[in-house]
1. Say whether the condition of being of a type in the set (A, V, I, L, M, F, W, C), within 26 Å of the chain's Cα centre (by Cα) and in a loop (DSSP other than H, G, I, E, B) is met by at least one residue in segment 345-360.
2. Consider PRO270 carefully, then state whether it is surrounded by fewer than 19 Cβ atoms within 10 Å (Cβ to Cβ) and farther than 27 Å from TYR183 by Cβ.
3. May I ask you to list the residues in segment 310-355 that are touching a Cys at 6+ places or on another chain (Cβ under 9 Å) and surrounded by fewer than 16 Cβ atoms within 10 Å (Cβ to Cβ)?
4. Test ASN281 against the criterion of being assigned to a loop (DSSP other than H, G, I, E, B), open to solvent by less than 30 Å² (accessible area, probe 1.4 Å) and on the phi < 0 side of the Ramachandran plot, and give yes or no.
5. Looking at the structure I just gave you, is GLU328 free of Cβ contacts under 8 Å to residues at least 40 places away in the same chain, under 15 Å from VAL264 (Cβ atoms) and of a type outside the set (Val, Ile, Thr)?
6. Give the residue that is nearest to LEU268 (Cα to Cα), with candidates limited to residues of segment 294-309 that are of a type in the set (A, V, I, L, M, F, W, C) and open to solvent by less than 50 Å² (accessible area, probe 1.4 Å).
7. Over 24 Å from the mean Cα position of the chain (by Cα) and under 30 Å from GLU206 (Cβ atoms): is that true of GLU328 in this structure?
Amino acid sequence: MWSSFGASNKKIMVERSTLLEVLQSVSGLKKVHLHVESWTEIWVSTILSLTKTCSSLNELRINASIPLALTQLQRASLKQKGWTLTVWRMSMFIERDKKSLTEEGLKTGKREKKVFSPDITDDESKDENTHRFFSPHAGQFQCSLTNLVFVMEGKGEMLYKMVPWDPCRLDALSQMEPAGPLYDINCSKGSVLQLHLPHCEILTEENKESLAVAHFTNGTVEILQPLKVTETHVIISITELCWFGIIKKLKKKMFPGAPTCAQVLLFLRPITVAQNQKILNVYLLPGNVPLPEVQRQHQEKKYIETSSICHLISGRKYTLSCHPDECEVQPPDEVFERKFGTNFHTTFEVFLDVKIEEIRLGLRDTTEEGKEVWKPRRIPLSDTFQDVQCSVDRRFTESEYVDKHRHQLIQKVTSVMEIADCLRSKGMILGEMYNKMSDPEYKKQGTTCWVPSSPNDFC
């Protein structure tokens, strides 16, 4: 008998009695090809032992003339051990069942998880980002932006993006509600074995059983039961791709809601020189909403990083505390809702003086007599204030430029009276000054009350 095995890519002659010993000595053995010259019943126990002792083995190909009765016996025995057997003429192909392989990987935890940063294509017409990742080989890969995990059978290109939960789709989910973002996921070669979707539940024995995954494809919805629910992810085995989203059984109104992991995100609106206030937008969102998706919708605002994690209950009212007391918060309270769309709206707005360099923010549950759910913490705003000061300084520099070159600049203005008419109509100059500006001799003197805001006004 000769044997060729995948780990070392060697072909060697061995006796049946030493086969197991030889194969067990090969580290990371994945594939074995056997050519058996004389098949006997004792080979059945040998094959079963091989599939049991070589944990890394995924497939076994045997060339031999095998009696039908032995084939049926092997098929039954192998099926119990999580293997499938296929016979074609003089060849027998034994492959580890994919579901069994997935479950075994979950139990042993031997799959190495690699974190990657995807390429992003921004489609402004559809207001969405498409993430792209190319898997060079089989393995477990986690997206650094969305926390999605893909278990790949081989190499392939992944394309995925967040899409809105259309209300009409939810009509098909009786007694269920979204518990995470909805993702449109596609792979060029369909080589994904498993998908890990991030959840935001604080796990208990009760809610652990309430999670499932909705799979939308070809106008239908399929409810997938998880292979496993970890502290952070819902894990499913998949055969075809399309739209996936975590769902959760609805609680009866008589029972109080359970807290979930949430996040408090802070974004500061752009500040103009003339503005004497800063406006801080505060967002209360479920914990499995990706921060980059929120940032993408608010690129004109400055994200202020802070410790954002807190535990909130859907349907309850919360109030935002702010110090110093001069700060104004609106609205006075707001209900937290676990929404997983693609539009992220402000929960609270904080108005404060532009010169304030630091504030303290906290969050309280109004239902439980003002219990602190997000303890007050320092929010530095000094860098932003310096940005405003720099902008003011630049403006003063431009004014100084105008003062220095006033005479030359005025001579370039050919529409003085049009400008004067506009200023007079808005009450910015008096009649006496308007009359002076209309005097030709006044312009020759190189003096005017109108000072442009920058040299660009003359271009």
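1. Restricting attention to segment 345-360, the residues satisfying the condition of being of a type in the set (A, V, I, L, M, F, W, C) are 348, 350-352, 354, 356, 359.
Of the ones still in play, those that are also within 26 Å of the chain's Cα centre (by Cα) are 348.
Retained after the next criterion (residues that are in a loop (DSSP other than H, G, I, E, B)): none.
No, that holds for no residue.
2. Working: surrounded by fewer than 19 Cβ atoms within 10 Å (Cβ to Cβ): yes; farther than 27 Å from TYR183 by Cβ: yes.
When the stated conditions are applied, PRO270 passes them.
3. The answer is HIS311, GLU328, PHE351, ASP353.
4. Criteria not met by ASN281.
5. no
6. If we filter segment 294-309 for residues that are of a type in the set (A, V, I, L, M, F, W, C), which is where we start, we get 294, 304, 309.
Subset that is open to solvent by less than 50 Å² (accessible area, probe 1.4 Å): 294, 304.
Values: VAL294: 13, ILE304: 7 Å.
Only one residue fits best here, namely ILE304.
7. On the way: over 24 Å from the mean Cα position of the chain (by Cα): yes; under 30 Å from GLU206 (Cβ atoms): no.
For GLU328, the condition - over 24 Å from the mean Cα position of the chain (by Cα) and under 30 Å from GLU206 (Cβ atoms) - is not met.
Quick grid of which residues meet (1) in contact with a His (Cβ under 8 Å, 6 or more places away or on another chain); (2) under 17 Å from LEU34 (Cα atoms); (3) modelled with pLDDT of 70 or more:
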position: SER49; (1), (2), (3): no, yes, yes
position: LEU57; (1), (2), (3): no, yes, yes
position: ASN63; (1), (2), (3): yes, yes, yes
position: ARG75; (1), (2), (3): no, no, no
position: LYS79; (1), (2), (3): no, no, no
position: VAL87; (1), (2), (3): no, yes, no
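The values are calculated or read from the model by the stated rules, or taken from the named source; none is laboratory data. Given the structure is predicted, the values throughout are model-derived calculations rather than measurements. Positions of Cβ are backbone-derived with ideal geometry, glycine not excepted, and every protein chain shown enters the neighbour counts. Heads up: the accessible areas ignore ligands, DNA and RNA and are worked out on the full protein's heavy atoms, side chains in. Shrake-Rupley method; radii C 1.70, N 1.55, O 1.52, S 1.80 Å.
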